[in-house]
Structure formats: structure tokens, C-alpha cells
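Derivation of every value follows stated rules applied to the coordinates shown; laboratory data play no part. Fair warning: this is a prediction, and the values are worked out from it, not measured in the lab. Note that we place each Cβ from the backbone using ideal geometry, even for glycine, and neighbour counts take in every protein chain shown.
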Amino acid sequence: MLNFLPKTVLGIISFLLLSLNVIFWCTIVFIFALLKLALPFKPTRVILDHVLHGIAANWISCNSGWMRLTGKIRWDVQGVDGLNDRDWYLVNSNHQSWVDIFVLQHLLNRKIPFLKFLIKQELIYVPVIGLAWWALEFPFMRRHSAEYLAKHPEMRGKDLETMRRACAKFSRVPTSIMNFPEGTRFTKTKHDKQRSPYQFLLKPKAGGLALSLSTMGEKFQSLLDVTIVYPDGVPGFWDFLCGRVKRIIVRMQKIPIPKQFIDSDYENDPACRESFQQWLSELWKEKDGRIGQLYIEARSAYK
């Protein structure tokens, strides 16, 4: 443990280890991704998908390694028992910081299949890591506003087509699809601007979850709902690298997916869309209450 070092020094060490980890594993990912492009045969692709997921799991394990080396986090985690890396999972979480991604990967690595996020199309241009996401077949989504779709109706349904193509690949090997329904990280400014009815959450957007269910619903056994709480305040990424994060609370639970939402037509069926949004709003209301209770319990533990 290097936590005795000055925080700035720890941050620099963590950043260097993170960067070296990215460069090392991305290089290996690119090699096998190019091999998969050169051998477009289904049996070969299935084998190489397993290999690439194994490489990604090792990548995450190394991230967990430097997190343990430079940090001293007290984890309070419930709900990971009974998970299986041979099932398909639809994972749903609140979103407060870039740290959330490292938390989810650290806790779920090798317990469920490799997590794949729905990523904005623009992020493919992020140096090195954007190409790694492409090589690992993360679904890149280009979300359009209602105003844009009104002017360009030919773009309607494009995300569904993208998701269907991605899910055709996901059906080859067990996969976990990660979704942040809030669509962005929580801040007080965004919360006030939205006039969110929740105390600790932004309004959820149902599109990502609905797209996943409409294309792969028969694969998912349940929704894995994750709640992340930072009882000492939401950390910035630099705080995390510097080892300033002392406690992280995580609660996970499997929630049955209503059968009517599997293979549903969310985009074109108003009744389905209203029912789905109501279901997600109820989940969000329960999550908001759970977060409040966890904050109360965390404060009581320090008294």
C-alpha cells in the first residue's frame, strides 16, 4: 500500500499506472481485433470473442491492482452473491462520477460477463481508448433530439438498427450491457435545471434500456440494478487517483423484467412507451429512497 505517500504523488503514480495499463492491453486488443477482421468465420469469431473478453477482464484486474496499491477504500457491498459469468445481464446504475465506471468494473469483473456500455458516437475519437471500445464491439449510439428527427425523419430508428447489429454479435457469447439511465453525471445544477422529482437522482431516460430489451430481451434473465453512494462526497477523478476516496457503498439487486417489455416496440408504440417510463420511474423512486437511507446509515456509523 502506497497510501502513506503525499496525495499528489499518489495521483501521479496512479495516472502513470492507468496509462501504462491502457497502452499495454489496448495493444493486445488491437492485435486480436485485427485477427478477427482477417478471419470472418463464425467459429473463429466466437473463439476470438472469448479471447478478447478474457483480455478485457485482465485489463480490469490490473486496474483493480493499482486501485488497491494507491488507495485505501472501505467497501460496503451487498448483492454480488449468485451472479454468474455465463448469463447475459442488463445492468442499470445511477451516475455521479467517472469513478462509477471503475467501481462497477472492479466489483463485477469475472462475476458477470464483460461489461459493455452504450457509448455516444463522438467518443470513438477518444485517443487509444476509443479504438479499444470499437475493437471490443461496444455499441456506439448517436442520439437525436425530437426537433432533429422532425427535420430528418430518415434518421428515426437508426439507433435501433445499430443496437440490433450489436446484439447480433452479443448473442454469440454471454455479455453484460451497462446503462446509466440519467444519461449524464448527477450535479446539483443539472438537478435544479431539470426540476427533478428525486432528491439524489436526475430524471431517468428510458431509451437505452428499452433499446436493449427490444433487441435482446429474451437473453436477459433480470435487470441487475446497482446503487452507488459516496458517503463522504462524490469524488472527482483526480481525487480518486490521489487516494482521497475513503468509503464506497454499493447495493445490487436482481429485478424481474416485465414480460411485456421484452421485444416491445418502444419507439412506435405510445402505450408501451408510457408503461415502460412509468415502470422505470417507480424503480428510480425506490432507488432515490434507498440512497437517502444509505446516507443516513453511513452518518450514523460515524457517530
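Structure summary
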quantity: Hz values of 3J(HN,Hα) by residue in the range 130-137 - Karplus curve (6.51, -1.76, 1.60), Gly and Pro given as x; calculated: x, 5, 5, 4, 5, 5, 8, 6
quantity: Tail fraction, Cα-Cα pairs, the range 50-109, threshold 16 Å, whole percent; calculated: 55 percent
quantity: Across Lys190/Lys246; Lys120/Lys219; Lys120/Lys287; Lys72/Lys287; Lys42/Lys205, pairs whose alpha-carbon gap is larger than 29 Å; calculated: Lys42/Lys205
quantity: For Thr189, Thr44, Thr215, order by how many other beta-carbon atoms lie within 10 Å, fewest first; calculated: Thr189, Thr44, Thr215
quantity: Cα gyration tensor shape for the range 192-236, rounded if a/c is under 1.5, else prolate or oblate; calculated: oblate
quantity: Order of Asp232, Asp239, Asp100, Asp81 under a 10 Å beta carbon neighbour criterion, fewest first; calculated: Asp81, Asp232, Asp239, Asp100
quantity: For the chain, size of Cβ-based charge dipole, Lys and Arg +1, Asp and Glu -1, in debye; calculated: 600 debye
quantity: The range 34-129, relative contact order [Cα under 8 Å, separation at least 6], %; calculated: 33 percent
quantity: Under the Debye formula (equal points on every Cα, no solvent term), log10 I(q)/I(0) of the range 181-303 at q = 0.09 Å⁻¹; calculated: -0.32
quantity: Theoretical ellipticity at 222 nm over the chain - DSSP helices of four or more residues, -39500 (n - 2.57) apiece, nearest 500; calculated: -16500 deg cm²/dmol
quantity: Computed over the chain: relative contact order in percent, which uses C-alpha pairs under 8 Å that are six or more apart; calculated: 25 percent
quantity: Ascending count of other beta-carbon atoms within 10 Å, so fewest first, for Met141, Met178; calculated: Met141, Met178
quantity: DSSP-defined antiparallel bridges as percent of all bridges, the chain, nearest 5; calculated: 25 percent
quantity: Listed candidates (1) 69, 47, 37; (2) 56, 50, 40; (3) 112, 38, 33 - label of the one calculated as Cα extents along the principal axes in Å; calculated: (2)
quantity: Peptides 48-60, 190-202 ordered by average Cβ neighbours within 10 Å, highest first; calculated: 48-60, 190-202
